[in-house]
1. For the pair residue A:5/residue A:75, report the inter-label distance in nm, with labels modelled 7 Å from Cα in the Cβ direction.
2. Convex hull volume of the Cα atoms in the protein assembly as shown, per residue, in Å³?
3. What's the Kirkwood radius of segment B:1-97 in Å, using all Cα pairs?
4. Once you compute Rg and the Kirkwood Rh from C-alpha atoms, what is the Rg to Rh ratio for segment A:4-69?
5. Using Cα centres only, tell me the gap between segment A:1-76 and segment A:91-120 in whole Å.
6. Give me the percent of DSSP beta bridges within the protein assembly as shown that run antiparallel, rounded to the nearest 5.
7. Can you compute the equivalent ellipsoid semi-axes for segment A:74-120, i.e. the square root of 5 times each eigenvalue of the Cα gyration tensor, sorted largest first and rounded to whole Å?
8. Using DSSP to define loop residues, name the trypsin sites (Lys or Arg not before Pro) in segment A:13-120 whose beta-carbon has at most 16 other beta-carbon atoms within 10 Å.
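FYI, it's all coordinate maths here, none of it is from the lab. Since the structure is predicted, the reported quantities are computational estimates derived from the model, not experimental observations. Heads up, the Cβs are rebuilt from the backbone with ideal geometry, glycines too, and the neighbour counts pull from every protein chain shown.
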Amino acid sequence: EVQLLESGGGLVQPGGSLRLSCAASGFIFSSYAMSWVRQAPGKGLEWVSAISGSGGSIYYADSVKGRFTISRDNSKNTLYLQMNSLRTEDTAVYYCGKAKQGVIISFDIWGQGTMVTVSS
Amino acid sequence: QSALTQPASVSGSLGQSITISCTGTSSDVGGYNYVSWYQQHPGKAPKLMIYEVSNRPSGVSNRFSGSKSGNTASLTISGLQAEDEADYYCSSYRSSGTLVFGGGTKLTVL
């Protein structure tokens with residue numbers, strides 16, 4: 001079964017850091033680009049970052065550029081999102097998504113999400 | 001990065017058809033055939049319903065269809081069923097090398 005499982009969310013103070021993980025199974029992880037998408041409470045979806053299958057191409061939304069770093073370990077079938085200098089507006093459920101085609105076009109498999117709360 | 005424009009809500013009766021619009025610019029919706037649509041039930045992860053404007057992934061009902069004209073894409077759901085009640089989001093690749101979502105549309109089935 002194709003599956004994505006996020007972990008690493010929690011409560012962090014403004015200015016703090018957190019690293020999210022997304023464990024993949026059921027497909028050839030290295031063959032597919034992956035993305036992070038977030039959803040603030042009661043709000044819509046916001047694309048955050050994407051990485052190609054090899055890790056050689058990386059993209060960020062302006063709202064997180066310079067603060068967040070996406071990476072992947074294809075030997076461990078795991079996607080990461082290192083989040084630094086966190087702000088209250090980063091509070092959201094963070095989903096990882098598997099690209100159906102291309103790098104940042106559409107996502108056919110999603111994880112269940114992990115909640116990140118930035119608050120003092 | 002401004003979001004694509006969707007109506008906040010639409011409604012339709014069981015068995016009827018509804019259409020949700022998604023308006024962007026020539027830098028996103030109008031410039032690429034990379035519009036996708038997602039369905040999201042409360043507390044659940046999004047589900048891909050349409051990709052590349054009008055293609056349905058395997059397993060998605062043919063009651064769901066997509067189209068595009070100029071800078072506006074549309075999702076049509078025919079033969080409305082109770083389980084179609086959900087939030088729907090469009091997305092598009094943008095020329096800046098990013099992805100942009102619409103604000104979302106809440107579908108109510110009467």
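1. Between residue A:5 and residue A:75, the simple spin-label model gives 2.2 nm.
2. Output value, Cα hull per residue: 112 Å³.
3. 13.6 Å is the Kirkwood radius here.
4. 0.97
5. 6
6. Rounded to the nearest five, the antiparallel share is 90 percent.
7. They are 24, 13, 10 Å, listed from largest to smallest.
8. For trypsin sites (Lys or Arg not before Pro) across segment A:13-120 that sit outside H, G, I, E and B with at most 16 neighbouring Cβ atoms in 10 Å, the list reads A:43, A:65, A:67, A:76, A:87.
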